[in-house]
1. Looking at R232, is it basic (K, R), at pLDDT 95 or above and surrounded by 16 or more Cβ atoms within 10 Å (Cβ to Cβ)?
2. Going by the structure shown, is V158 open to solvent by 40 Å² or more (accessible area, probe 1.4 Å), modelled with pLDDT under 95, part of a loop (DSSP other than H, G, I, E, B) and touching a Ser or Thr at 6+ places or on another chain (Cβ under 9 Å)?
3. Answer yes or no as to whether H166 is within 19 Å of G248 (Cβ to Cβ), touching a strand residue (DSSP E or B) at 6+ places or on another chain (Cβ under 6 Å), at pLDDT 95 or above and buried (at least 20 other Cβ atoms within 10 Å of the Cβ).
4. Are any residues in segment 207-216 part of a loop (DSSP other than H, G, I, E, B) and open to solvent by less than 10 Å² (accessible area, probe 1.4 Å), and if so, which ones?
5. Can you name the number of the only condition in (1) open to solvent by less than 40 Å² (accessible area, probe 1.4 Å); (2) on the phi < 0 side of the Ramachandran plot; (3) not polar (S, T, N, Q) that G237 fails?
Amino acid sequence: MTAWIVRTGSGAAHSNSGARRTASRVGGALPGVPGARGVLRAPAVLAGALALLALAGGFGVAHGAGDDGASGAHGAHATGPAAAVPAGGDPRPSDEAVTRGGGFWMRAAGVFSPPGAFVPSEALTYDTVLVPAGARIEVTEYADGTGTRVTARLRGLVPNRAYGMHVHTSPCGADPAAAGPHYQHRPSATADPVNEVWLDFRTDADGAGRAEARHRWGFREGGAGSVIIHDRQGGAGERAACFTVPFGPMGRG
C-alpha cells in the first residue's frame, strides 16, 4: 500500500539490480501548504486503510524547491552511522520541504515487505534475512544547477554488517531484475562510483545505517527509478531489496 505526498515549487554496463498503479487525485490543495496538492495512489476501496498506514509509517514523498546546494567533490561518496536519523529512530513518511531557490528536493520513505504481501509497498525485500520485513528506508535528493546530492537512511537491518546500494534505472518489481542496471551518467561498460550513484554503508549495533553520494551532474528525466540494496559492497552483488524512488532532474541552479 503506497501513499504519495507531493510538494512542488519553482524551483548497461554492469547488470545489477513493477508495475505502476493507477493514480487518483484526492482533495485539491494540502491544508496549510501553499501550492501543494495531495495524491493518493491506491484503489479507492483501500483509501481508508491507506490513510491509516501512511500515518503509521507507510510511504511518503515530498517535492519542493530549495537552496541548500549540493556542493562537493565530483563523485564524492560518504557513509556513516545512523546518528543522523531523527529522534525516535525511524525514518518518517513525511517531512518539510525547502521552498526557496531553483533547486529540486525530494524525500521518499518506505517500510519493506516481500513481493505479493497483503499490504503492497514500494519497498520490497527479496532476502528477509538481510533486509527483514518491517525494516525502514528513507531516501532524499537535492539537485540544482551545481549538482546532485542523494542521501539514504535505513533501520531494522542486520547489525554491524556491510551492505552495497546503488541507484538503478527502473522501479522495483516482484522480480529483482525489474529495477534494471545501475543508473549511469554516461554509458559505460564498467561500474564505478564517479559515473554512478553508490550508497554503500555499514550498519551500527542497532541495525541502522546512513550513506550519501554527491555528484556535479544530475539525473536525466525519468532515467533513475529505484535504489537496490545488495548483499555486499562494490559494483556487484545479489539483490537483497529494492525501493522505488521518484528521482528528479537537476534544477536551474
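The values are calculated or read from the model by the stated rules, or taken from the named source; none is laboratory data. Predicted model only: the values in this text are computed from it and were never measured. Positions of Cβ are generated from backbone atoms using ideal geometry, with glycine treated the same way; all protein chains shown enter the neighbour counts. Side chains are part of the model used for accessible areas, which takes the heavy atoms of the whole protein and leaves out ligands, DNA and RNA. Shrake-Rupley method; radii C 1.70, N 1.55, O 1.52, S 1.80 Å.
1. Numbers: basic (K, R): yes; at pLDDT 95 or above: yes; surrounded by 16 or more Cβ atoms within 10 Å (Cβ to Cβ): no.
The answer is no for R232.
2. Working: open to solvent by 40 Å² or more (accessible area, probe 1.4 Å): yes; modelled with pLDDT under 95: no; part of a loop (DSSP other than H, G, I, E, B): yes; touching a Ser or Thr at 6+ places or on another chain (Cβ under 9 Å): yes.
When the stated conditions are applied, V158 does not pass them.
3. Details: within 19 Å of G248 (Cβ to Cβ): yes; touching a strand residue (DSSP E or B) at 6+ places or on another chain (Cβ under 6 Å): yes; at pLDDT 95 or above: yes; buried (at least 20 other Cβ atoms within 10 Å of the Cβ): yes.
Yes; evaluated as a whole, the condition is true for this residue.
4. We begin by selecting, within segment 207-216, every residue part of a loop (DSSP other than H, G, I, E, B); these are 207-208, 216.
Correct list: G207, A208.
5. (2)
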